[in-house]
């Protein structure tokens, strides 16, 4: 077993559903250092020469394997930027699980900025899961600014599950993707903010190749006095299909600004967007309350269902 | 009859459906000068002291009356900015028709920038129609940059029909509205661009009072190498309902960028947005072509139906 304290183990469970060393390839980073790494026959993880992060090379044709690269931080006052590059070979079919958990019981801010670049080979298939979580009752902020850049070769597909569970005080999330012919991207983002948290999430998906497609759905819940700004942009540069959807629930004094944008630069681009912001419908609450739940419990159940 | 040449008469017909002097109050502006004006018992039109435009005062309770203020320009190389302020008294119910037609057969640009401000009194009801049209085979551009600012008192309602028919080379359209309690705004915008035309249309609607509501629908068709940028923003600052919709057809090498935005600053704000960009569906074309239309005729029929 890796050397981790109880807090780190709890964070690891929240962000990567892991109790122990995962199967397959992995790199576990704790408090700014790699504390465990494993490669497999098909997946090789190496440190970048300048120490700024890791390279993950997945051989062409690798099937049903996974890569876990969770990050946990339990020291107050840490600030790091890490660059991780994924090279996914042609025809591979893999699951990649990233995620960052910060526990900050101190007075100084803790910040992890992960820059992930994906080079998805022809006809490769990737499922990517990224969870962000914060805990700790210190005055120091828990800050996460992820940057995700995806380059998708012809015929490749990627499904991204981007989740900010709770406890992240400030986040600026940037995701960019460029798709070649027949590539397809599905994004499911879920953001929950509470207290005085601030979340900014920006997507820019360029459909550059014939028959490329993207479906980006972002769901957000802004509680208390938190604020969310969502910027979803789809650019159609070829005969392509793009859909974005932005559904948000506001509660208490939460505020949300949704700025989707569609840019059609080709006559055969088909782009569609929907957005809705509102509070939980009163009749939904009443229905659950007649079943015996308190108003708070009913709200919680609806929010959990919405973010599932 | 007013002194107008054939071109001016044709422009007047396009932008205001008028063959002659309209019933009710009116102000007709041609080539930078007022060439005819009429007030009614309830509607008074006066020139601003500094000559920059006109003030239109509509008495409280005025019912079923209309105001026409068309502008026609047939000289090449004219550039003017005109400020028109509308004061609509409590409980009035009126139709206001504005519109600008530019015919430019010369080599210099012709530009009309109309700044219209509406102060809509309590429980007043306004239907506003604004049409823009350009013609002429000169090299000079036909430029129209309208600014529309609407202040709506409690219980008032306004319906705006904003149409750019064709022939406008460059336009930057800005519309702002602030709504108090129980006020309601309906906007129907239709934009057609062709050739190398550029159209930018921006809306900012603030729902400031309890139970205010807005429904903003923009439909655009971008033909040839034209470009449209649409910026529809609804801000909910109270318990309110807001809906925006942006439907666009692209043809040939036309390009469209749609950037709607929803901002919810109050937990009881309900905001919804939809947008879609695409070309005319092939099966619609084929259906009309089997009825005997050529492809071009079929396209025209679909576009006309869409912009109706």
| note | Per the filter on the stretch A:228-266, residues over 21 Å from residue A:186 (Cβ atoms) and surrounded by 18 or more Cβ atoms within 10 Å (Cβ to Cβ) are A:228, A:229, A:249, A:250, A:254, A:255, A:256, A:257, A:259, A:265, A:266
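Answer with yes or no whether residue B:67 is touching a residue at least 40 places away in the same chain (Cβ under 8 Å), closer than 14 Å to residue B:142 by Cβ and part of a strand (DSSP E or B). Show your work before the answer.
On the way: touching a residue at least 40 places away in the same chain (Cβ under 8 Å): yes; closer than 14 Å to residue B:142 by Cβ: no; part of a strand (DSSP E or B): yes.
No.
Results for (1) at pLDDT below 95; (2) away from chain B (no Cβ under 13 Å), shown as yes or no for each residue.
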| site | (1), (2) |
| --- | --- |
| A:183 | no, yes |
| A:187 | no, yes |
| A:194 | yes, yes |
| A:209 | no, yes |
| A:220 | yes, no |
| A:231 | yes, no |
| A:236 | no, no |
| query | For the stretch B:150-180, how many residues are within 14 Å of the chain's Cα centre (by Cα) and assigned to a strand (DSSP E or B)? | reply | 17
| query | Somewhere in the stretch A:276-299, is a residue closer than 28 Å to residue B:280 by Cα, modelled with pLDDT under 95 and either at the interface with another protein chain (Cβ under 10 Å from one of its Cβ atoms) or outside any helix (DSSP H, G or I) (or both)? | reply | yes
| Selection from the stretch A:133-149 of residues that are within 30 Å of residue A:87 (Cα to Cα) and either surrounded by fewer than 17 Cβ atoms within 10 Å (Cβ to Cβ) or under 12 Å from the mean Cα position of the chain (by Cα) (or both) | A:133, A:144, A:145, A:146, A:147, A:148, A:149
| field | Qualifying residue in the stretch A:100-108 (condition: under 16 Å from residue A:25 (Cβ atoms) and assigned to a strand (DSSP E or B)) | value | no
| query | Does residue A:269 meet the test of being out of contact with any helix residue (DSSP H, G or I) (no Cβ under 6 Å at 6 or more places or on another chain), farther than 30 Å from residue A:297 by Cβ and more than 8 Å from chain B (Cβ to nearest Cβ)? | reply | no
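Given the criteria within 19 Å of residue A:126 (Cβ to Cβ) and in the same structural domain as residue A:117 (by TED's automatic domain parsing), does residue A:66 qualify?
Values: within 19 Å of residue A:126 (Cβ to Cβ): yes; in the same structural domain as residue A:117 (by TED's automatic domain parsing): yes.
Yes: the conditions hold for residue A:66.
Give me the strands (runs of 3 or more DSSP E) completely within the stretch A:1-63, filtered to those with at least 1 residues that are in contact with a strand residue (DSSP E or B) (Cβ under 7 Å, 6 or more places away or on another chain), surrounded by fewer than 17 Cβ atoms within 10 Å (Cβ to Cβ) and touching a residue at least 24 places away in the same chain (Cβ under 8 Å), ordered by residue number. Even if it seems obvious, please write down each step before you answer.
Values: elements: A:25-30, A:33-38, A:43-47, A:53-58.
Correct list: A:33-38, A:53-58.
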| request: Of all residues in the stretch A:272-292, count the ones that are more than 30 Å from the chain's Cα centre (by Cα) and buried (at least 16 other Cβ atoms within 10 Å of the Cβ). | output: 1
| query | Out of the stretch B:253-266, which residues are in a loop (DSSP other than H, G, I, E, B), under 17 Å from residue A:255 (Cβ atoms) and facing chain A (nearest Cβ under 7 Å)? | reply | B:265
| message | Can you report the number of residues in the stretch B:76-125 which are within 16 Å of the chain's Cα centre (by Cα), surrounded by fewer than 23 Cβ atoms within 10 Å (Cβ to Cβ) and touching a residue at least 60 places away in the same chain (Cβ under 8 Å)? | response | 2
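The values are calculated or read from the model by the stated rules, or taken from the named source; none is laboratory data. Quick caveat: nothing in here was measured; it's all calculated off a predicted structure. Cβ coordinates were reconstructed from backbone atoms using ideal geometry, including for glycine residues, and neighbour counts include every protein chain displayed.
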